[in-house]
There are 2 protein chains.
Amino acid sequence: MQISLENLLEEVSGIETITNPAQVAKLSEDYAHFSPVLVPLLAGKVGDVVVRPSNESEVLRIAQTCVKYKIPLTVRGSGTGNYGQCTPMRGGIILETSRLQAIKWIKAGLACVEAGVKMVTLDKKAQEIGWESRMVPSTFRTATVGGFIAGGSGGIGSVLYGQLRDRGNLRAVRVVTLEDEPRIIELRGDDVQKVNHAYGTNGIITELEVPLATAYGWSEFVVSFTDFMTAARFGQALGNSDGIIKKLISVHAAPSSNYFTALQSYIPKDSHCALVLVAESDREPFLSLVKEFQGEVCYEKNAQEASKGLSLVEFSWNHTTLHARATDDSFTYLQSLFLNDPKLELVQRMHEYFGDEVIMHLEFIRVNGVVIPAAIQLVRFTTGDRLNEIIAYHESQGVFIANPHTYILEDGGMKTVDYAQLNFKRMVDPYGLMNPDKMKAWKS
Amino acid sequence: MQISLENLLEEVSGIETITNPAQVAKLSEDYAHFSPVLVPLLAGKVGDVVVRPSNESEVLRIAQTCVKYKIPLTVRGSGTGNYGQCTPMRGGIILETSRLQAIKWIKAGLACVEAGVKMVTLDKKAQEIGWESRMVPSTFRTATVGGFIAGGSGGIGSVLYGQLRDRGNLRAVRVVTLEDEPRIIELRGDDVQKVNHAYGTNGIITELEVPLATAYGWSEFVVSFTDFMTAARFGQALGNSDGIIKKLISVHAAPSSNYFTALQSYIPKDSHCALVLVAESDREPFLSLVKEFQGEVCYEKNAQEASKGLSLVEFSWNHTTLHARATDDSFTYLQSLFLNDPKLELVQRMHEYFGDEVIMHLEFIRVNGVVIPAAIQLVRFTTGDRLNEIIAYHESQGVFIANPHTYILEDGGMKTVDYAQLNFKRMVDPYGLMNPDKMKAWKS
């Protein structure tokens, strides 16, 4: 920074700030410690100060300050990401959105919220009028809407509504720019893709318009199976069952569920299981499907019971990894898509090839209208080289890997340069101050 | 009949009957006149008397009478079928369900109705509590729930929830048997498939439990395109757009829409067009998709406007054929599935091969989780031989044809004997009295 911290604080006076080094260090982190590859790369990467604006005009003042003094700025929601999305690689300001808490409006099918509104808060408000979020991350209790859009890809609900990148799943965003004269730009329609899943590298998202779905009461089930492939095929069959409405199909090879401590009294040890959210009124056909696959329902909560306390949502997606690591922190993970594997032959091949080293964990999602298994495999980490070998083998066999062991936007799921995002960054962040070093295509 | 009409009327005294020959003849027909092949086959096939029971115990009395005197019995809903499902091939009693009008109960996700409840009535009642039918036929204003289940396969909503045969889309049925001592049997779960789409050949359906979906406000759009294949690809792309919620995607090659008289002032003459129902809150992403395919919106109604008066639903599915025949009654039609044609190459080949003789009309539906085009092509009829040639050519190219030019259950969409249905008939209709000559596997 070409400005002293003292002067900086003066520039943003009236806006809440945090300078306590321990707190700032904490707020420079997310859950990247799931990756032993990322840990050393992100170690010591901390901001100089955290600011907590409470409205858009405060965001604008912060932006003006950053541009004036060429201070790097990294936006942070609740820090539930896993790739250091909110970790400032070059220090500077961390703009935390926790005080941007207004639900601007909410109506049939649509809501407009400030970036720091938590998913759970939006959902509760939406449910009051019979609606709910189309999809939420497993971290829904803490994750913010802005963070989910900027750093997430999909989650619970993706088996119905696809991914966040799909047209329709984000309607509008307001972003504050870091131009010489920072301003507010509203992007609507397909233009939202310019900043969707861009890690906050090209605009400070202050407000979002997101679609809702009509709300169902969701019953929760754990179904155990004697072998993994039956569990996997059950998951695919449920995904393909158009007459059964479901929000989550999360399938786990043993011994994953052994790490679900809070569920230990329900799930038989070493069993392969599926965690499922099904529309409450679809219980009967769901149980017929369970029977067809000779599954055993070992846990069941109706929608009302499921709405309080423990939720299976918090054992799915990357919460699976969280629970496994709570017992054994040598676990890390992969993110994969099995795009052309309707009979799950490739799933089976990977499952058998790696045995206990890579423990299969499928999350069924819709991709271009088709339900496919994504996988968030648990990996017993040994070395970075071995991890790369594992990734390379998957790719050689036709599994798409969205590498979670990189903080570089393009090296994760995207693979190629997104020119719409790059060009938008050229316009709104000419000095390359926003979340520096995250967008590879940007040469600062 | 081995009983005089007079004595028969005595047996069912207290139950409403119709004996006027003109009325009985009318109530012996459905919309099979769409098929010039069926017309001569069904000509003169009339019942002896129509009975209109007003409750299940009256149905039971009618059943007892039929068994006692070995009188054939054919069930009729509103007669909106197209394959003579309700036409009595051997005279006897026509049991019309129009007085079985009770909605027994309706709650979140489920409704229990008597067989004669109209789809539109159920939908209105469901909407009061925020729900709606998962799928309806284009004849929803007159069609009954029982008739739709016994004789239909899917419809508006099948692009979301699949077909009526899919597990979950029918929950329970009560049927009255024609055993020596007629009784009431309730079938639940997978057992409902014993009578699902069986044309009433193996039980008189008196009551049904059907699932509901959470209700959306549906906006209606007609989008015109300069060429058919762009319209078709738009339909498939919309079907695959998981972020856009839709209930109907009905795509018509020119000159089909020229026959939509009530829409003539909106749809440009000779254009290829898509009739679409989209969740009202998804208008914006829908219009982005329209733009991507360079379509022109030529008709738009929001959900409130669409809920009264004209609905595009009544130009889709087999209503298309109805409108074409209103102008030119030499039109007939086909029913097809393009099961493995994600790029619509087969659709294109058929479209180009037959030119104006077979006018393409696609209805996108979900089959085992995948959105595919079904087709209800308009066919310019010349001879039965030519019609068979057209069908054979489609089949030789890999198009699945559910032949609508037969009144035989197995010769339509089913193709093979359904042993569950046959065995159930053996039990509940030992004398083969129910809708005789419709189930080929039954040797009476």
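The values are calculated or read from the model by the stated rules, or taken from the named source; none is laboratory data. As the structure is a prediction and not an experimental result, all values here were calculated from the model. Note that each Cβ is placed from the backbone with ideal geometry, even for glycine, and that neighbours are counted across all protein chains shown.
General observations
- Per the listing B:403, B:368, the residue uniquely in contact with an Asp or Glu (Cβ under 8 Å, 6 or more places away or on another chain), within 14 Å of another protein chain (Cβ to nearest Cβ) and surrounded by fewer than 23 Cβ atoms within 10 Å (Cβ to Cβ) is B:368.
- Hey, residue A:312 away from chain B (no Cβ under 14 Å), among the hydrophobic types (A, V, I, L, M, F, W, C) and within 25 Å of residue A:375 (Cβ to Cβ) or not: yes
- In segment B:116-128, the count of residues that are under 21 Å from the mean Cα position of the chain (by Cα) and within 14 Å of chain A (Cβ to nearest Cβ) is one or more.
- The residue of segment B:241-270 that is nearest to the other protein chains (Cβ to nearest Cβ), among those that are touching a Lys or Arg at 6+ places or on another chain (Cβ under 9 Å) and outside any loop (DSSP other than H, G, I, E, B), is B:257.
- Considering segment B:318-338, the residues that are of a type in the set (S, T, N, Q) and part of a loop (DSSP other than H, G, I, E, B) include one that is nearest to residue B:400 (Cα to Cα), namely B:335.
- Meets criteria (surrounded by 17 or more Cβ atoms within 10 Å (Cβ to Cβ) and modelled with pLDDT of 95 or more) for residue B:418: no
For every residue, the table says whether it meets (1) at pLDDT 95 or above; (2) at negative phi; (3) of a type outside the set (Asp, Glu).
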{"position": "A:6", "(1), (2), (3)": "no, yes, no"}
{"position": "A:48", "(1), (2), (3)": "yes, yes, no"}
{"position": "A:56", "(1), (2), (3)": "yes, yes, no"}
{"position": "A:60", "(1), (2), (3)": "yes, yes, yes"}
{"position": "A:86", "(1), (2), (3)": "yes, yes, yes"}
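- Hey, residue B:341 buried (at least 19 other Cβ atoms within 10 Å of the Cβ), among the acidic types (Asp, Glu) and not in a strand (DSSP E or B) or not: no
- Count of residues meeting criterion [under 30 Å from residue A:21 (Cβ atoms), among the β-branched types (Val, Ile, Thr) and either touching a Gly at 6+ places or on another chain (Cβ under 6 Å) or not in a loop (DSSP other than H, G, I, E, B) (or both)] in segment A:88-120: 3
- Per the listing A:220, A:209, the residue uniquely within 30 Å of residue B:161 (Cβ to Cβ), of a type in the set (Asp, Glu) and within 19 Å of the chain's Cα centre (by Cα) is A:209.
- Total residues in segment A:355-379 satisfying the condition of being outside any strand (DSSP E or B) and closer than 21 Å to residue A:323 by Cα: the figure is 6.
- Residue count, segment A:121-134 (criterion: hydroxyl-bearing (Ser, Thr, Tyr) and assigned to a helix (DSSP H, G or I)): 1
- Checked against the criterion of being modelled with pLDDT of 95 or more and surrounded by fewer than 20 Cβ atoms within 10 Å (Cβ to Cβ), segment A:71-82 has no qualifying residue.
- Residue B:438 assigned to a loop (DSSP other than H, G, I, E, B), surrounded by fewer than 14 Cβ atoms within 10 Å (Cβ to Cβ) and either in contact with a helix residue (DSSP H, G or I) (Cβ under 8 Å, 6 or more places away or on another chain) or not acidic (Asp, Glu) (or both): no
- Within segment B:395-411, the set of residues being more than 13 Å from residue B:35 (Cα to Cα) and either assigned to a loop (DSSP other than H, G, I, E, B) or without any contact (Cβ under 8 Å) to a residue 60 or more places away in the chain (or both) comprises B:395, B:396, B:397, B:398, B:399, B:402, B:408, B:410, B:411.
- Filter pass, residue B:47 being small (Gly, Ala, Ser), in contact with a helix residue (DSSP H, G or I) (Cβ under 9 Å, 6 or more places away or on another chain) and farther than 18 Å from residue B:75 by Cα: no
- For the residues A:155, A:162, A:147, the requirement of being out of contact with any Lys or Arg (no Cβ under 7 Å at 6 or more places or on another chain), modelled with pLDDT of 95 or more and either under 20 Å from residue A:239 (Cα atoms) or within 14 Å of chain B (Cβ to nearest Cβ) (or both) singles out A:155.
- Filtered by the rule that a residue be basic (Lys, Arg) and more than 22 Å from the chain's Cα centre (by Cα), segment B:415-433 gives B:425, B:426.
- Scope segment B:175-201; condition away from chain A (no Cβ under 14 Å) and more than 16 Å from residue B:164 (Cα to Cα); matching residues: B:175, B:176, B:177, B:178, B:179, B:180, B:181, B:182, B:183, B:184, B:185, B:201
- Number of residues in segment A:67-77 that are in a loop (DSSP other than H, G, I, E, B) and out of contact with any Lys or Arg (no Cβ under 7 Å at 6 or more places or on another chain) equals 3.
- Of all residues in segment B:271-288 being facing chain A (nearest Cβ under 7 Å) and more than 8 Å from residue B:244 (Cα to Cα), the one that is nearest to the chain's Cα centre (by Cα): B:280
- Residues that are in contact with a Leu (Cβ under 9 Å, 6 or more places away or on another chain) and part of a strand (DSSP E or B) were ranked within segment B:221-240; the one that is surrounded by the most Cβ atoms within 10 Å (Cβ to Cβ) is B:223.
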